[in-house]
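Here's the structure we're looking at; comments come further down.
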Amino acid sequence: MPRPAARRPKDSTAAEGNDAALEAGRLLFAGECRFVIGVARIDGLPSDAMPEVAFAGRSNVGKSSLVNALTGRKTLARTSNTPGRTQQLNFFDLGGRLMLVDLPGYGYAKAPKGDVDRWNRLIRMYLKGRVGLRRLCLLIDARHGVKPSDRQVMDMLDEAAVAYQVVLTKTDKLKSGERAERCAAIADEIRKRAAANPEIIASSAVRGDGIAELRAVLASLASAEPLR
Ligand code: GDP
């Protein structure tokens, strides 16, 4: 017997669901956040028993600022004006329910070729071997849009079948019309990419835009109970 079609939720139910997701995100990030380890070599990775979400982006994209805005801590991830200097994967444990991983920035024009090769090797190995990795947030500077080095990383993610989500950063630097155009152009670009989530989150670490929404997305990927 065919099952009856599921009833569409009423608007109020959808809004309640959205509120509940935002609240789950708020609670997750209001709890304990602990720096676990920074690793420069693939053999130093911590256990991947916990669900994990990684953050990647070009140097200076605003990754440290975003991680700090998410966790509400000013100095958790180091922000700097010198791009291309952090070559470590930094692990942060959120209440035993989710591991956040700050990947080293890429695409720094002045980086020596050896550094670029090392980045590629390290990230490829990380992406392949991490069973707990639920999603990668790919940060794109709202002013610059998708650059060739971002496309290379998307290729890598599509190939490794790691689900990823575009998070626009520094949206406070654009007018709302420009922001909408940028989002539409990127949505169009990623439509055909196998592992890309179609939803783009527009964020500003300075104004706090998109932070609650991103927390909600991350909470949906976290374990319901602490795993340690
Ligand atoms: P990372 O190298 O990707 O970790 O980037 P940082 O977080 O260190 O930020 C690079 C630069 O962009 C710094 O000067 C930040 O102050 C600036 N920045 C980061 N996020 C924002 C934002 O949301 N809005 C604006 N206007 N500037 C930002």
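Among the listed residues GLU159, GLU178, identify the single one that is under 22 Å from SER204 (Cα atoms) and open to solvent by 30 Å² or more (accessible area, probe 1.4 Å).
GLU178
When you scan the stretch 68-96, how many residues do you find that are open to solvent by less than 10 Å² (accessible area, probe 1.4 Å), more than 8 Å from the ligand (Cβ to nearest atom) and either assigned to a helix (DSSP H, G or I) or at pLDDT below 85 (or both)?
2
Return the pair list, or none, for Cβ contacts closer than 6 Å from residues in the stretch 199-216 that are more than 9 Å from the ligand (Cβ to nearest atom) to residues that are acidic (Asp, Glu), at least 6 apart or on different chains.
Here the result reads ILE201/GLU213, each pair linking the stretch 199-216 to a residue that is acidic (Asp, Glu).
Limited to the stretch 33-61, what total is found for residues that are open to solvent by 20 Å² or more (accessible area, probe 1.4 Å), within 12 Å of the ligand (Cβ to nearest atom) and assigned to a loop (DSSP other than H, G, I, E, B)?
2
Does any residue in the stretch 17-46 that is over 16 Å from ASN68 (Cα atoms) come within less than 8 Å, Cβ to Cβ, of a residue that is in a loop (DSSP other than H, G, I, E, B) and open to solvent by less than 50 Å² (accessible area, probe 1.4 Å) six or more places away or on a different chain, and which pairs are these?
If the second residue must be in a loop (DSSP other than H, G, I, E, B) and open to solvent by less than 50 Å² (accessible area, probe 1.4 Å), the pairs left are ILE37/PRO46; VAL39/LEU45; VAL39/PRO46; ALA40/GLN87; LEU45/ARG130.
Looking at (1) open to solvent by 50 Å² or more (accessible area, probe 1.4 Å); (2) outside any strand (DSSP E or B); (3) of a type outside the set (Gly, Ala, Ser); (4) touching a residue at least 24 places away in the same chain (Cβ under 8 Å), which one does MET154 not meet, given that it meets all the others?
For MET154, the exception is condition (1).
The values are calculated or read from the model by the stated rules, or taken from the named source; none is laboratory data. Please read these numbers as outputs of a predicted model, since none were measured by experiment. Note: ideal-geometry Cβ built from the backbone for every residue, glycine included; neighbour counts use all protein chains shown. Surface accessibility is based on the protein's heavy atoms, side chains included, excluding ligands, DNA and RNA. Shrake-Rupley method; radii C 1.70, N 1.55, O 1.52, S 1.80 Å.
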